[in-house]
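The next block holds one structure in the form of structure tokens; read it before the comments.
Read-outs throughout are calculated quantities, based only on the coordinates presented, and are distinct from any laboratory measurement. Quick caveat: nothing in here was measured; it's all calculated off a predicted structure. In this analysis, Cβ positions are derived from the backbone assuming ideal geometry, glycine residues included, and neighbour counts consider all displayed protein chains.
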Amino acid sequence: MAGETTITVIENLNADPELRFSPVSRGFGNTEGTPVANFTIASTPRTFDPASNEWIDGETLFLRATVWRDMAENVAASLRISSHNSSRSPRKRSRT
């Protein structure tokens with residue numbers, strides 16, 4: 001979709017994605033719920049200090065993500081805590 005913000009996150013998973021299915025909507029004849037996957041990504045910024053000639057870690061940021069439908073099944077099948085991951089989302093919605 002045109003005009004939407006794209007976010008690319010390249011860091012480490014905090015745990016394997018959790019796949020579940022939303023409750024079934026019986027009024028519309030559905031037999032299965034909608035797939036939903038939740039996962040957390042940990043991102044730690046690093047800066048180089050030329051005075052000490054060392055990398056310095058910043059404060060770790062934990063990003064909680066929820067994806068639905070086909071993307072949820074893809075995330076649950078392909079992302080694992082032991083691998084380096086790249087997630088690209090066409091939409092950003094923040095809840096506080």
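Table for the structure above
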{"quantity": "Spin-label model distance (nm) - Asn38 vs Asp16, 7 Å beyond Cα toward Cβ", "calculated": "1.7"}
{"quantity": "15 Å beta-carbon shell around Thr47, net charge (K/R +1, D/E -1)", "calculated": "-3"}
